[in-house]
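Everything on this sheet refers to the single structure shown next.
The values are calculated or read from the model by the stated rules, or taken from the named source; none is laboratory data. Predicted, not measured: the structure shown is a model, and the values here were computed from it. Counting neighbours? That spans all protein chains shown, and the Cβs are built from the backbone with ideal geometry, glycine included. These accessible areas exclude ligands, DNA and RNA; they are computed on the full protein's heavy atoms, side chains included. Shrake-Rupley method; radii C 1.70, N 1.55, O 1.52, S 1.80 Å.
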Amino acid sequence: MKSKTRRPRLFLFLFALNIAAAGNAGAEGPPIAISLDASQVGQRLLHVRSEIPVAPGPLTLLYPKWIPGEHGPTGPLANLVDLHLSAGGAELAWRRDPVEMYALHVVIPAGATRLVAEADFLFPGEGGNFTSGPGATTELAVISWNTVALYPQGTSADGLRIAPSLRLPAGWSYATALVKQGEDGGVIRFAPVSLTTLVDSPVLTGEHLVDLDLGSHAGAEHHLAIAADRAADLAAAADLAAPMRRLVEEALALFGARHYGSYHWLLSLSDHVQHFGLEHHESSDNRREEETLVSEASRRSLPILLAHEYVHSWNGRYRRPEGLLSPDYLSPMRGDLLWVYEGLTQHLGVLLPARAGFWTPEYYREQVAASAASLDTRSGRSWRPLADTAVAAQILFGTPRDGRPLRRGTDFYEESIFLWLDVDTILRERSQGRVTLDDFCRRFHGGANSAPAVVPYSRDDLVKTLNALVPYDWQAVLTDHVDRLQPRLPMSGVERAGWRLAYSDRPNAAIADAEARNEDRDWRFSLGFAVDKESVVEEVLPDSPAGRAGMVAGEKLLGVGGHVYTPRAVEAALAEAKGGSAPIEVLAANGDAVRIHRLEHRGGPRYPHLERIEGRPDVLADILRARAAAAAP
Ligand SMILES: [Zn+2]
């Protein structure tokens, strides 16, 4: 086998059992040829033709269901249409499994050695999460191979070899981690790879695309490819090259080794694709709003996404929780360790932009204060432990903001910042500053430079690695943060680092940037609600002046303090009520009812920040210090 993937013993066993059952479609026979015609991707349409080596008899074809990194059964099955199976030129009847929708049954006739599967994939115009959401416009597209892959059941995705080829719209450029082997008549042929690598290697393509060469680091090439709906949105792209090189150097200094042959950030900028990031071993699919590079506020938050997805190459793709291995995309994944997979990645994804010089330490602290304040107000903390936000991730992704305080969301991302700061500061305290979380990352994720590989781990492996660095009751630390109900956000890590959460009337810079980006207004920490650009209330904190006055999410604000509702009217009402005795009156439409809410708040504007704890050393300053030798002063 060509794959360098290391599997746990169980999967090796399954693999050995199943390879015989897959006829000659496995690693020993000819590859599956997937010819993808994306010339009509501007009309949100892909045509695919797969030629699959088969043996006569019953065969089950699968379509990827559990997409790595999406943490749920999210394969966009409803959009695979116009499917025709044939062998030797004769159409074959197929039947969907009545229980497993992602499995199709067909009988291969005697004498046939090749099954041809032709189908179309309809890119959704709206709805859907992650790669099931909108991903194509008239100017650009992100092609995720899982949306067009059909493969025989019985062989692991590592064991199936695929020869992919791709036709793009005339004049469009592309970027991908796949290696080009040749081009005939406008069809790009890529070197054969395993199904795992294919699904792990999306293609960014577009009419306006720049590919920034970030240079060779640790013997590997690094690229940032950006496609946008308008060429003008790429004008400032080149300015990203220098800080992105520092980001690479900081990540390599942190982990001590890389586990990819080359690395490609694929960044699409459009208001008509879904916005998210999806990690891969050698690339990442990053999708943001069109004005990302030209709006200051939007540009400042971009490095969180780019650093987060890059960190996943180590924490998520290389080191992966046992429960998140699905050998064939059909076996369910278990999210119980997502507070490591996503949580440690979130922590490092906020840390590295500071180390790389994208941000000042002050801006990092504003980000962390905003996260802390938000998590601390979740009333759902008293019924749902952090662990359950991870286990239930597949039902929590995409839940509305309405009801989030009591429901909680995918809190294992941001809340884990406080868990991993706790771990870092305990390591430092108990080793008199000799051991830090950087040492954990080097030991857990580092080793020697390598091509993509997977090394699974359990919660016990995590505890063992921590104990090998500094003996301590690490299981108890994790249990406290993850498994116990914590009605208030545990802040011991921040406090051991010399800082605490405090509130003042000074706006929080990270919240201000988020407001500019989302075109909403956030008064959760004073009045207790946030409002979108259509004047509709997005979220109400139950234990707040708005919550106690009976405001609910979904209401449309009509007036505040005797004036027609505008954000300025709220600011004026806050200032006027400060220190007075009168409540702030809010007029709101709820369905066809109009109601007056009286909000008892006399504290004026209120925003979260981190403030120094006098007498304690500023450990956070050292956590944020650049590590790379070539770092700018
Ligand atoms: Zn992630």
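Please find, within the stretch 473-499, the residue that is farthest from the chain's Cα centre (by Cα) out of those that are of a type in the set (A, V, I, L, M) and surrounded by fewer than 13 Cβ atoms within 10 Å (Cβ to Cβ). So the residue we want is ALA476. Within the stretch 103-139, the set of residues being under 15 Å from ASP271 (Cα atoms) and either over 33 Å from the mean Cα position of the chain (by Cα) or surrounded by fewer than 16 Cβ atoms within 10 Å (Cβ to Cβ) (or both) comprises GLY125, GLU126, GLY127, THR138. Check the stretch 258-268 and report whether any residue there is at positive phi, more than 16 Å from the ligand (Cβ to nearest atom) and open to solvent by 20 Å² or more (accessible area, probe 1.4 Å). No, the stretch 258-268 contains no residue that is at positive phi, more than 16 Å from the ligand (Cβ to nearest atom) and open to solvent by 20 Å² or more (accessible area, probe 1.4 Å). Applying a threshold of 8 Å to beta carbon distances and a minimum spacing of six or more residues, or different chains, the list of pairs starting in the stretch 209-234 at a residue that is on the phi > 0 side of the Ramachandran plot and ending at one that is open to solvent by less than 20 Å² (accessible area, probe 1.4 Å) and assigned to a loop (DSSP other than H, G, I, E, B) reads ALA218/ALA257.
If the condition is being touching a helix residue (DSSP H, G or I) at 6+ places or on another chain (Cβ under 9 Å), open to solvent by 40 Å² or more (accessible area, probe 1.4 Å) and either of a type outside the set (Lys, Arg) or part of a strand (DSSP E or B) (or both), then the stretch 515-529 contributes ALA516, ARG521. Only residues that are open to solvent by 40 Å² or more (accessible area, probe 1.4 Å), assigned to a loop (DSSP other than H, G, I, E, B) and at pLDDT 95 or above were counted across the stretch 168-205, and they come to 4.
Just one of the numbered conditions (1) assigned to a loop (DSSP other than H, G, I, E, B); (2) more than 21 Å from the chain's Cα centre (by Cα); (3) buried (at least 18 other Cβ atoms within 10 Å of the Cβ) is not true of GLY433: (3). Scanning the stretch 394-418 for residues that are surrounded by fewer than 24 Cβ atoms within 10 Å (Cβ to Cβ) and aliphatic (A, V, I, L, M), we see that the one that is farthest from the ligand (Cβ to nearest atom) is LEU406. Listed conditions (1) crowded, with 21+ Cβ neighbours inside 10 Å; (2) closer than 20 Å to LEU338 by Cα; (3) hydrophobic (A, V, I, L, M, F, W, C) are all met by ALA387, apart from (1).
Exactly one residue among ASP233, ASP211 is within 15 Å of SER268 (Cβ to Cβ), outside any loop (DSSP other than H, G, I, E, B) and out of contact with any helix residue (DSSP H, G or I) (no Cβ under 7 Å at 6 or more places or on another chain), and that residue is ASP211. All told, VAL470 falls short of being among the aliphatic types (A, V, I, L, M), in contact with a helix residue (DSSP H, G or I) (Cβ under 6 Å, 6 or more places away or on another chain), crowded, with 22+ Cβ neighbours inside 10 Å and modelled with pLDDT of 95 or more.
ARG49 - would you say it is at pLDDT below 95, surrounded by fewer than 19 Cβ atoms within 10 Å (Cβ to Cβ) and of a type outside the set (S, T, N, Q)? In short, no. Evaluated against (1) under 20 Å from HIS280 (Cβ atoms); (2) within 26 Å of the chain's Cα centre (by Cα); (3) surrounded by 23 or more Cβ atoms within 10 Å (Cβ to Cβ), ALA228 falls short on exactly one condition, (1). Examine the stretch 32-47 for a residue that is in contact (Cβ under 8 Å) with a residue 12 or more places away in the chain and more than 31 Å from the chain's Cα centre (by Cα), and state whether such a residue exists. Checked the stretch 32-47: no residue is in contact (Cβ under 8 Å) with a residue 12 or more places away in the chain and more than 31 Å from the chain's Cα centre (by Cα). Filter the stretch 297-308 down to the residues that are more than 19 Å from PRO361 (Cβ to Cβ), open to solvent by less than 10 Å² (accessible area, probe 1.4 Å) and within 12 Å of the chain's Cα centre (by Cα) and list them by number. Matches in the stretch 297-308: LEU306 only.
Yes/no per residue for (1) within 20 Å of LEU195 (Cβ to Cβ); (2) acidic (Asp, Glu); (3) modelled with pLDDT of 95 or more:
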site	(1), (2), (3)
ASP82	no, yes, yes
LEU85	yes, no, yes
GLU100	yes, yes, yes
ALA103	yes, no, yes
GLU126	no, yes, no
THR137	no, no, yes
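Just one of the listed residues (ALA448, ALA453, ALA476) is within 22 Å of LEU338 (Cα to Cα), at pLDDT 95 or above and not in a helix (DSSP H, G or I), namely ALA453.
Screening the stretch 272-376 for strands (runs of 3 or more DSSP E) wholly inside it with 3 or more residues that are in contact with an Asp or Glu (Cβ under 7 Å, 6 or more places away or on another chain), within 14 Å of the ligand (Cβ to nearest atom) and aliphatic (A, V, I, L, M) returns no ranges.
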